[in-house]
Amino acid sequence: MVASPMFGWWSNYRPRKEPLIISLFISVAANCLYAYVHVPASHNKYYMLVARGLVGFGAGNVAVIRAYIAGATCLHERTSAMANTSAFQALGFILGPVFQTCFAILGEKGVTWETIQLQINMYTAPALLGAFLGFLNIILIIVILREHRVDDTGRQCTSINNEEVRRDDIQIPQINIDQVAVVTTNVLFFVILFIFALFETILTPLTMDMYAWTAVQAVLYDGIILAALGIEAVLVFIGIKSLAKLIGERPVLLGGFVITWIGFFILLPWGNQFPKIQWQDLHNHTIPNTTFGEIIITLWQSPRDLREGPTGCPIIQAWCLYTPMIHLSQFITSVVLIGIGYPCSNVMAYTIYSKILGPKPQGVYMGWLTASGSAARILGPVYISQVYTSWGPRWAFGLVCGIVLLSITLLGVVYKRLIAFSIRNGTIQE
């Protein structure tokens, strides 16, 4: 949230290679620090905190990447390029846990390279892989990336990001950006990330409360659900490229919000069947943070090691006594719909945003968009954990439906203003 505007501003005035390489170097250093956090004799938790903070700081290069794609593509190429980027990002979210699961075979001890005091185990191996991939990306950027900028029609533009400027490069028109459309798109993007972040957060406690799953079962089944959502998202990202060409980006964005609203509306509890009540008080009501690797290790353990406490909806949550349960078929239907609506609205939001900004350098604006998404990923889990625990799924998801409905209304109000910069100033006919 902090780094994105900084890297975006940097990319507006210097070659984009610079913030990309520096941000990747920060990520590599942070992952290496994480792998060596066991070495200091004291204050290890602070080193861990610094390492994870730097990883997040390095991830601020997303704004630079989106700004580069926006500047290197014309209008008819933009949607496809943004969708491809989102598809690969979703693929990374799928493969990341898979690699972590594979590293589980190393165990907690793993192997130690005494000469450099490096422990390679199930916890450090993912960080070391991340450092290696970051280093590989740095090499690819240095060797392969050649910066260029085009306007919305595809003509080469002059750019401070290039070291060489050709005489036939066109100048960027000095016309004001529609700030109402910019702010609105930031708000819509915030809502998109907000609702998906809270959905990811509530998945495990919701299924444990509604279906009396144990912690191990919930983490395993919900992990499978999230992996399936990732695959669904990749397919949707691929499909919406053709759909956007057929009907346009704005209808796809609106459709994504509507489908998401339907998904959360279906998730509201109805009927007269109630969840199983957990009468015994539990001392730990936190959301399990078990990794995919720990899931595999748990499955290898003996049944005696898998003994769980009472399951069901805890009696200390008063709403468990009067709120109907969410049926499994109801839950799965909702998951599928949200898995369609989220990628549609997500990729269309920042595609339209990039077109609104036009051919000018977009680093700072993309930084603010990324920062709004980061803020949403912070506030979403805070909201859902408080409202769900205190008032239950009816209030939690009912308020989400209200938020999405307000977003749809806002989108309808500014719908005609969400057009490309070049279309607004008459350079290109819609």
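The values are calculated or read from the model by the stated rules, or taken from the named source; none is laboratory data. Because the structure is predicted, anything quoted here is derived from the model rather than measured. Backbone-built Cβ (ideal geometry, glycine too); neighbour counts: all protein chains shown.
Out of all the residues in the stretch 314-360, which are over 21 Å from GLU200 (Cα atoms), without any contact (Cβ under 8 Å) to a residue 60 or more places away in the chain and in a loop (DSSP other than H, G, I, E, B)? Result: ILE315, ILE316, TYR322, PRO324.
Go through MET1, MET82 for me and flag whichever is surrounded by 17 or more Cβ atoms within 10 Å (Cβ to Cβ) and closer than 22 Å to ILE378 by Cα. Of the residues listed, the single one that is surrounded by 17 or more Cβ atoms within 10 Å (Cβ to Cβ) and closer than 22 Å to ILE378 by Cα is MET1.
Report whether or not THR260 is of a type in the set (Ser, Thr, Tyr) and modelled with pLDDT under 90. Give the steps one after another, and end with the answer.
Values: of a type in the set (Ser, Thr, Tyr): yes; modelled with pLDDT under 90: no.
It is false that THR260 is of a type in the set (Ser, Thr, Tyr) and modelled with pLDDT under 90.
Looking at LEU129, LEU145, just one residue is at negative phi, modelled with pLDDT of 80 or more and in a helix (DSSP H, G or I), and that residue is LEU129. Taken over the stretch 121-148, the criterion of being surrounded by fewer than 17 Cβ atoms within 10 Å (Cβ to Cβ) and either without any contact (Cβ under 8 Å) to a residue 24 or more places away in the chain or of a type in the set (D, E, K, R) (or both) is satisfied by PHE132, LEU133, LEU136, ILE139, LEU140, VAL143, ILE144, ARG146, GLU147. Scanning the stretch 182-239 for residues that are over 19 Å from the mean Cα position of the chain (by Cα), among the hydrophobic types (A, V, I, L, M, F, W, C) and either crowded, with 21+ Cβ neighbours inside 10 Å or closer than 29 Å to ALA81 by Cβ (or both) turns up VAL182, VAL183, LEU206, MET208, MET210, ALA218, VAL219.
Considering only residues that are of a type in the set (S, T, N, Q) and surrounded by fewer than 22 Cβ atoms within 10 Å (Cβ to Cβ), look in the stretch 38-79 and name the one that is nearest to SER27 (Cα to Cα).
Going residue by residue through the stretch 38-79, those that are of a type in the set (S, T, N, Q) are 42, 44, 61, 73, 79.
Now narrow it down to the ones that are surrounded by fewer than 22 Cβ atoms within 10 Å (Cβ to Cβ): 42, 44, 73.
On the way: SER42: 23, ASN44: 19, THR73: 28 Å.
Applying the filter and picking the extreme gives ASN44.
None of THR389, THR427 is under 19 Å from PHE194 (Cβ atoms) and at pLDDT below 95 except THR389.
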